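See below for the structure under consideration.
Read-outs: derived from the displayed coordinates by stated rules, not from any lab. Just so it is clear, the model here is predicted, and its values are computed rather than measured. In this analysis, Cβ positions are derived from the backbone assuming ideal geometry, glycine residues included, and neighbour counts consider all displayed protein chains.
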Amino acid sequence: MTSQLFGPVGLWVAAFASLATVTVALLGGFGWFARRSQPHLRVTFEQAQPWCRWVETEKDSAVLWVRVAVENHGLDPARGCIGRLIGVATDGSSRPDVDPVQLRWAGFPRSRGFDPIDLRRGQREFLDVVFRRADSPGDWVLDTFGSEDFDPGFDIRLAVDQVHLLQIALFADNADTCGIGLRIEVSDDEPRMTTAAAK
């Protein structure tokens, strides 16, 4: 009676295998599962610590560092992440005289600050974008390769009395490129930074 009601076990196994095959096919194969777990990068900024940080240097002068945060919200690690300044507009006009440059990772030794890094799930790191010294009310300086090993062919300083929109992009080997626009100006000697839509 029991064998007539349920049939051979082999038929049930075959039916389950067929159902699993159809399910995988309907979900687009294993690519669907891979997309669910792939890294998802996000770049953020706030005008507060630790995005904006005053630091006392060895020469007893304070430096304001402006940085963006990069975080992986996906399941898999994001491999080979680098940040680049890809465009600058000053007072509303695009700057063809400023080439794209790589930005430095904060919190790493200087010798490794420009190396690609991997970001694990939930890991957040910072990219230095610009800095400005308190003892000289002069220009913002792009935090890119030092003058000893980098000859950009253009000035990496941005005048403090103008409004600058910096387009920052984050690239990775296995994640979609993302970015942020950072608007920097000085009002009443106080720097003010806001985010803008990335292009």
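Highest first, please rank the peptides 82-92, 63-73 by the mean number of other Cβ atoms sitting within 10 Å of their residues.
Values: 82-92: 17.9, 63-73: 19.5.
For the peptides 82-92, 63-73, the packing ranking is 63-73, 82-92.
Of the peptides 40-53, 119-132, how do they stack up when ordered by the mean number of other Cβ atoms within 10 Å, highest first? Intermediate values should be presented prior to the final figure.
Details: 40-53: 14.7, 119-132: 18.4.
Top of the packing list down: 119-132, 40-53.
Under 16 Å from the 7 Å Cα→Cβ point of ASP176, by amide nitrogen: which residues of region 66-105?
Once the point is set 7 Å along Cα→Cβ of ASP176, 71-76, 78 turn out to lie under 16 Å by backbone N, inside region 66-105.
Can you give the direction-averaged projected area of the convex hull of the alpha-carbon atoms in region 56-106, in nm²? Mind showing how you got there, number by number?
Working: hull surface 25.4 nm².
Its Cα hull, projected and averaged over all orientations, spans 6.4 nm².
Taking the highest mean first, how do the peptides 93-103, 170-180 order by number of other beta carbon atoms within 10 angstrom per residue?
Order by mean packing, descending: 170-180, 93-103.
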